[in-house]
Every structure is written in structure tokens, then in C-alpha cells.
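Inspection log for the structure reproduced underneath, given as C-alpha cells.
The values are calculated or read from the model by the stated rules, or taken from the named source; none is laboratory data. Computed from a predicted structure; not experimentally measured. All Cβ positions, glycine included, derive from the backbone under ideal geometry; neighbour counts span all protein chains shown. All accessible areas refer to the heavy atoms of the entire protein, side chains included, with ligands and DNA or RNA removed. Shrake-Rupley method; radii C 1.70, N 1.55, O 1.52, S 1.80 Å.
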Amino acid sequence: MNPWDLIMNNAPALAIAIPLLGAFVTPLINRAGRKAMLVWVIAVLAFTEFIALLLVYQVNTYGIQVYVFGANPHTLTVPPDSGGIPVRIIFTIDGMSAFTALISATLGLVVGIYSVGSEKFQTAQEKFFALLLLLVVGMMGMALTGDIFNFFVFLEINSLAAAALVSYHLNKGKAVEAAFKYAVVSSIGALMILFAIAILYGEYDALNMAMIAQRMYQTGFSTYDMIAMTLILVTLAMKCGAVPMHYWVPDGYGEAPGGTSAILVVASQASLYGLFRMSFTVFGLSANTSSLGWFMIILGLLSMFIGVTMAFLQHDIKRLMAYHAVSQTGYMLLGVGVGLATLGTAAFNQYGLYAMEGGIFHIINHALYKGLLFLTAGAIIYRVGTSDLNKMGGLAHSMKFTAVFFLIGAFAIAGIPPFNGFASKLMIYESVYQLNPFLAIVAAIVSMLTLASFLKVFHSAFLGPKIYDVKEVPKSMLFAMSILAFFIILFGIFPNIAIHYLVAPAAHALANPLGYITKVLGGGA
Amino acid sequence: MMSKIVRTQANFLYPFILIFGFYVVAHGHITPGGGFQGGAVIATGVALVAVAYGYDTIKKWIKKTHLTAAEGIGLLCFIITAFIGLSTSFFYNFLANSGLIFGNRVPYGINPGYLNTAGTLPIMNLAVGIEVLGGLSVIIMYMMAYGREVKQ
Amino acid sequence: MIFNLPFITVIIVMFFGFYAMVFRRNLIKVVIGLDLVESAVNLFLVSLGYVKGGVAPIYTSAPSTHMVLPTPQALTLTSIVIGVATTAMLLSFCMVIYKHYGTLDTRKVRRLEE
Amino acid sequence: MNPLVPTITTPSGVWNPLVWLMVFLLSLIIALIIYMRGEKTRKKGMQAGVFFSGDRPPEGMDAHIAAHNIGWGFMEALRPYYRAMRKMHTGIINDYVGWFLGILAVMLIIFLFWGGA
């Protein structure tokens, strides 16, 4: 078998196997010198990105992909002697999974390149990069897996690696405090998910998402399902940072080193993916989707408003951006929540699907521009040495490129045309107002407040007299920022590239749980 | 360093704990237990000696770099075993029923427990055992070292 | 009734854990509460795997019938492994926090607020 | 749908970034033309010297409006809201867990008694 076929056939497994191997080898390669280690890490991340692109291509060309670990052949989901239950670990890749995997891999690569420059003077860099790779493994695994217990395992990998990364710069104990809070909250959440998994396993005798969804559909929605569903959905809402369970977000993002906050954003978005996957695919067929949709809408509204108003109060640049991350998560919950609330009715094709596309498009846009903003914040802290906005000023005199990148990110997050934030926000506004005009009004007001608070940051950090005599940041950091800025402008001017290849397949995949089940269980079963 | 009685007890128990740990690792595929449990048992042996003799003495006997290396090697063995089966699928049990070193069939019914069965599972158990013994011991060592630093 | 005893224990242990996490003002006790919740969930998983009259899935000593499925045990084991990693990491964090703050009181470990 | 066509059609309208960009560039050009037709004889460099009532103009950080002064009016207007928000964000780990468990309990009750299935 030639290498190309090997990669094509095993792409879903390689998506987690390659970064996992990379993470384990990184400390060993570090013995050969820092340069070799950096080259290795970037190569692994680039290969992961390639695999993620390959997955998107495969899903768009051949439909839903199924990969069974250890099976012969690798598409044998239900072995003949298993009694009709998919017993093995299964990766199921549909449009939404491939979409999330692509975002994770992209931001992983960008943050890897950025950290080459920004962590240059830290000790134990091999551990930093190993954790970064492990975080990518966690996100990819959450996105690709088709088995709820595996989902829990990858969620824990994700949380532990993220918490360890947050504590990487001790910062006189403050970063460790943030990491402690983050780890406690994510662990209790993950335990609740495990409890729910145990309930589902006890009831349906299966761990496969498709199998559970099918058996739940056949036997009807019971009280136990209700408890399990509540545990899973509330926990995942907490993990993606929805108000009023968002307290760990500003701590974690605010204290993470350099550009690592950018990848933590994507780590929360993997939980957001989990929320959508569970509510559409696993529970969507049996549960009352309207009340689930309103649950998401209300969380989204709260997150949007409280996030942005709290951001206005902050004077720490990363903490301010972290509150904006909470606020932007609200848009995604709102968009997809409207889709879920109208699922199965005539209104879904009228505007629900557009709202979902808007919400999902906002996920990738948010990853790009919030990633860029966190990278610029990391650049400022790298040069100035403080994250306090009250002590900053006049940085545009010396850090011209950083200022331009910051401006691009700020305009994109505030929804100024023609950047990408506007495209997705427009899709959300113009579809959710048909469900209830109040939703669109809140979304628009929040967008204005976002612009106001980023003007505050831009004024206090970049404008004014020259206070700090600093140089521009190293080239690797600028390169990482320019990648994200390029995609922001590209998706702003040609939004249909993203919508056509990434967003629409993801929205249609979520809206069609029966196709998912049929693909995994092979028709009858 | 603790009293003479504790140290003597530790001396006496240490080899037995190690042997029991390796027994659990080696029989992972036919009895309850496996790599993690066995590795954890071995690490408790390390913890026992570390508590009995104190960090200053033990750091001359057990090097942290060796433990870290054990961790890395265990993880590498595990993932490479998974990669070898890639031509069929990731984690494919290419040794099962092949009659080679671990390739015998598992017989049904009551039997003494043949070690050379189950294909790649014993290899993975060994790898996990090495990894966990390294990982948990290194956690203990680092925590003891850091605890002294905090106290001062 | 007697077969529901494990589930009642699960609920009791879990509530003790929640109580420790919400009302105890010491970081170590918060971690202990987390471990209690974890033990409760593990107990729940294990008790789900019990089948009346079933035999443990060990090939060496059992007849070839009436074996229970080993999946719950595997799940519990994975959960224990993850729990060990989490606890080790949280306790290390506690040590670092104690070194820099000089206290483990949760009301004082709050340099990050608002 | 051709991915290279930039038009998005939403349920209530259309959006084309290229058209917007053209209009934006056009208005920029018009503004530039107006600017070019302005007074040519003005002296450069004269406008910069600011006179602060006889005082020496402040330098460095004093000449810069720091972050906490921006948006003061907004926060003053919403003072009761911000007081409630400050009370909510305590920074104590017990409260973080408490909020999570509280929302969990509330959602369990809501889903069990009012819909969900």
C-alpha cells in the first residue's frame, strides 16, 4: 500500500495520532537542541493541519466518514459477532466535525508559530510545546469522535492540557490560581458528563452516539434521558463559557501565556461543538428541541450582554478580551439556538437554517479574529511587560504592524464591513429577528458596545504620546498574526468561500441526525 | 528520614511491592489489572521508600531524568505499537492469532492463564506500565522537592 | 431495596463532595470534595456493571457462560486514571499557590476578581 | 452557489462586500478630491505647538488619557447594574462551583417539570 493511500484511508486516526506522537517525542527531541524541537513541533502541527484539510475534502466529496479503531477493514462499524452494537471506538466525521477539526488545527499551527518567538526566553519549552500538541489532540478528538465515553476522555485531555498551559507563566502565583480554578471547574463538569454517560450506558447498553440516539428514538424519551441530557448540556454550556457559569473564562484566558489564549478560545469552541453535537444528533430526535433551543437562546442573550458590559469595566487587556470571548460565544449560541428552536417546523427552512449558518460561520470568524486579538495582546505584553491598560500608551509609534493587526481584529469583532465579523453577524441579525425582534436588537446593541470597548483599548494602548521605547515583535510572531489577518480579510470579502466549503456542510450535517445514524449503523440494525 | 523500624519495614516490603506490580502488569490481559494498576503499585513502592528515607537520601538513588525517560519510552512504545497496525487500521491487533510470541489463541473455559496470548495487548500493557511507573514516581519526586522549597 | 443500596451511597457521597466543594473554605478540601464526587461517579459506573448471577469476565477461572460485560470496569479504570492526573495537578497547583500567597483560604486566593 | 461570488443572501436581504468596498473607495476618492482642492498656501508645522494657558504642556503618561477614564459616563449611568455585577464576580472558587451546581439544579427542575421531552 503506498503512503498516499495509507494517509487517505487513515486520515481520521492520523488526525489525533500524529499530534499525540509529536507530543510524546517532543521532550526526547529537545535533547538534540531547541532548534530541532521547534522544527519538529511546527512540522507536526503543519501535518495535522494538512490532515484536517484532507478531512474537510473527504467529507465534502464522499459524505460522512466512519473510522473504526483496530477493525479490519477500518469501516466495519458493527462487527457480526457483537449483537448489533458498535462495540469498538468509532470516529465519525461529518461536516461539523471536520469544520471544528480544521479550526483546531489551524489555530494550533498559528499559535505554534507564534510561540516560537513569544516563549523564547522561558524555561521548559519542550513541556510547553508538548502540552500545546496535547491540547490539539484533545480538541481534534472531541471534534471527531463518535463515542460519548471517548468524548469525555478527550474533554479531560483538553481541560488538563489547557489548565497546565494556563499556569505556564507563574506570574507570582496568579496564573496558577487561574489554572486551579479552571481545572476544578472543568473537572467537576467532566464528572457530571461521566455521570450522564453512565446513566445513558445503563439505559441503552451502548456508548456509541448513533446507537444511543437510535435506541432513544425507538423507546421514547424517559426521565433518565432528561437527567442525562441536562447534565451534559449544562456542563458543555459551562465549558464553552456561557453566562452565568463563565467565571473561569476571564481568569483562564487572562493569565494564559502569550498567544495561548488564542488556542484556549478554540478549546472552548470544541465544547461548543460538543453542545451542538449532543443537542442535535444525540437528543435532537427524541427531546423537545424547542425548549432546548430556547435554553441556548437565553444563555446566548445573557452571555452577549453581561460579557460585553463586564468587558467595559476591565483594565487588563487580556481579561477584557476574555470577556469579549464570552460575549461572542453568545452570538453562536443565539444563532444555533434559533436553528434548534425551529428544527422540524416550516420556519426552519425559512430562517432557522440561515440562523444556524450564521452561528456556525461566527465560530470560525471568532476563532480567527479573537485569535488575532489575543496574539496582538500577547505581542504588547511581550514588549511592554505589563498587561495593565492604564500603564500603556503610544505603542503605535513603534509597533506599527501590531497596531494594524489589532485594528483589523477590532473592526472584525465589532462587525465593521467588510471584515468577516460583519458577514456572520448580518446573517444572525437578519434571521433571528423573524423569531423574535428583541433578539436581533440585543445582538446589535452588543455589537456597538463591542466597538466602543475596543476603541477604548486602541486609544489607551496604541494612541497618545510615545511612552515606551520598544521595538517591533519578532518575525515569527508577526507572521502568525498575518496569517490570521489574511483569513479575516479573505472571509470578509469572499464569505461564500467559507460558507460553501465549511459552514453549509456543517449546518446541514447538524440538521440531519438520521443521516448520521444511518451511516454509522448501516441502514437497518 | 523516619525511624529505624519504618526503614527496615520499607526495605523488606519494597521488593515484594515491585514484584507484585510487575505481576499485575504482565498479567494485564488475562486477569483484572493491567498497565496502569501495575505501574501505580510500583510507584507506591517508590513512594514508600521515599517517605521512609526522606527526599535527600532518595534523590541519590533514583534520578528524575531516568523516570522521565521511562515515561517517554513507555508512551512511545504504546503509540508505535498502535502505528504498526496502520496498514489495516490504527490500533489494529496485528499479532492476534498469528502464533508468534504473543499470538496464541485464548482457550475457552478454566485454564491456568497463558501469557503468550492476546496479540498486541500485553505489549501495550507493558508500555503503559513503564509509562505509569515513571510518571507517578516523578510526580512524587517533584512534589517532595517542591514541598521542601515551599517550607523554606 | 438492598440492590439499590449502592445507588443511595452514590447520592450520599456525591452530596458530601458537593458540600465540601461549595462550603469548605480551603483549597485542599475543595480538591477532596472533587475526589469524593469522582469516587461516587466511579461507584455508580461499577454498580451499573453488576448483573445478578454474573461472573467476573476473567477467562482463567470462569465457565464460558454468564460473564458480565467488562465495559463498565474499563470505563471506571479510565476515569480513575484521569482522576489521578487531575488530583496530582490540582495538588501541585495548591503547593505553588501556598508558596506565593502564603495561604490556602479560598476567600484570600482571589487576586483575580471582577 | 459559486464560492467566489461574494453575495450572501439572507432571509431579509442581500450583502455584497465588493459593492460596499467600491462605494467606500469611491467616497474616499471624493474626500481626497475635496482635500486636494483645499487651501494650498497654508504653512506646515505651525498647528502643532499647543499653548496650555502659559503652562508647559504635559508629557508622557500625563498627556495620555488612561484606560480607566474612557467610558466613565457609561459606567456611571449603569452604576446599580455594575454594583450587582461586581457582587456576582467574587473570584472565590466555591462560588464558581456553586453557580455551576445551582444552574444544573435549576435546569433539572425546569426540564423535568416544564417540557424538554
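A few remarks follow.
- Among B:Val25, B:Val106, B:Val138, residue whose mean-square fluctuation peaks in a GNM of chain B (springs only between Cα atoms under 10 Å): B:Val106
- Shielding value for A:493-502 is 4, the average number of Cβ atoms from other chains within 10 Å of each residue's Cβ.
- Filtered chymotrypsin sites (Phe, Trp or Tyr not before Pro), the stretch A:287-379: DSSP coil and at most 10 other beta carbons within 10 Å: none
- Choice from B:Ile140, B:Ile101, B:Ile73 showing the highest fluctuation, given a GNM over chain B with Cα pairs closer than 10 Å: B:Ile101
- Remark: mean inter-chain Cβ contacts per residue of D:105-111 equal 5, using a 10 Å Cβ-Cβ cutoff to other protein chain atoms.
- For chain A, calculated [θ]222 nm from helices alone, where every DSSP H run of n ≥ 4 adds -39500 (n - 2.57): -24500 deg cm²/dmol
- Residues C:Leu48, A:Leu45, sorted by accessible area with the largest first, give C:Leu48, A:Leu45 [1.4 Å probe; ligands and nucleic acids excluded].
- Gyration tensor (alpha-carbon) shape descriptor, chain D, a/c threshold 1.5: oblate
- Probe 1.4 Å - accessible area at A:Glu255, Å² to nearest ten: 20 Å²
- Centre-to-centre, using Cα atoms only, the stretch B:70-101 and the stretch D:69-109 are separated by 51 Å.
- Which listed pairs, of A:Lys174/D:Lys87; A:Lys370/A:Lys456; A:Lys35/A:Lys370; A:Lys35/A:Lys466; A:Lys172/A:Lys475; A:Lys127/A:Lys318, have C-alpha distances above 26 Å, in listed order: A:Lys35/A:Lys370; A:Lys35/A:Lys466; A:Lys172/A:Lys475
- Over chain B: helical MRE at 222 nm, DSSP H runs n ≥ 4 each giving -39500 (n - 2.57), nearest 500: -23000 deg cm²/dmol
- Probe 1.4 Å, all protein chains present, accessible-area order of A:Thr61, A:Thr289, C:Thr78, largest first: A:Thr61, C:Thr78, A:Thr289
- With the simple model of a label 7 Å out from the Cα in the direction of the Cβ, C:Asn4 to D:Thr41 spans 10.0 nm.
- Mean partner shielding of peptide A:346-359, defined as the number of other chain Cβ atoms within 10 Å of each residue Cβ, is 1.
- Between 0 and 90°, nearest 10: helix A:148-166 axis offset from chain A longest Cα axis: 10 degrees
- Sequentially through the stretch A:440-448, phi angles give Karplus couplings (6.51, -1.76, 1.60; θ = phi - 60°) of 5, 5, 4, 4, 5, 5, 4, 4, 5 Hz, Gly and Pro residues having no value and appearing as x.
- A:Ile18, B:Ile139, B:Ile80, ranked by accessible area, largest first (probe 1.4 Å): B:Ile80, B:Ile139, A:Ile18
- In a DSSP loop and with at most 12 other Cβ atoms within 10 Å, the chymotrypsin sites (Phe, Trp or Tyr not before Pro) in the stretch B:39-136 are B:Tyr108.
- Degrees, to the nearest 10: A:223-239 long Cα axis against longest axis of chain A: 20 degrees
- Calculated FRET value between D:Met61 and A:Leu170, using beta carbons and R₀ = 41 Å, to 0.05: 0.90
- Using a probe of 1.4 Å on the protein chains alone, the accessible area found for D:Glu39 is around 130 Å².
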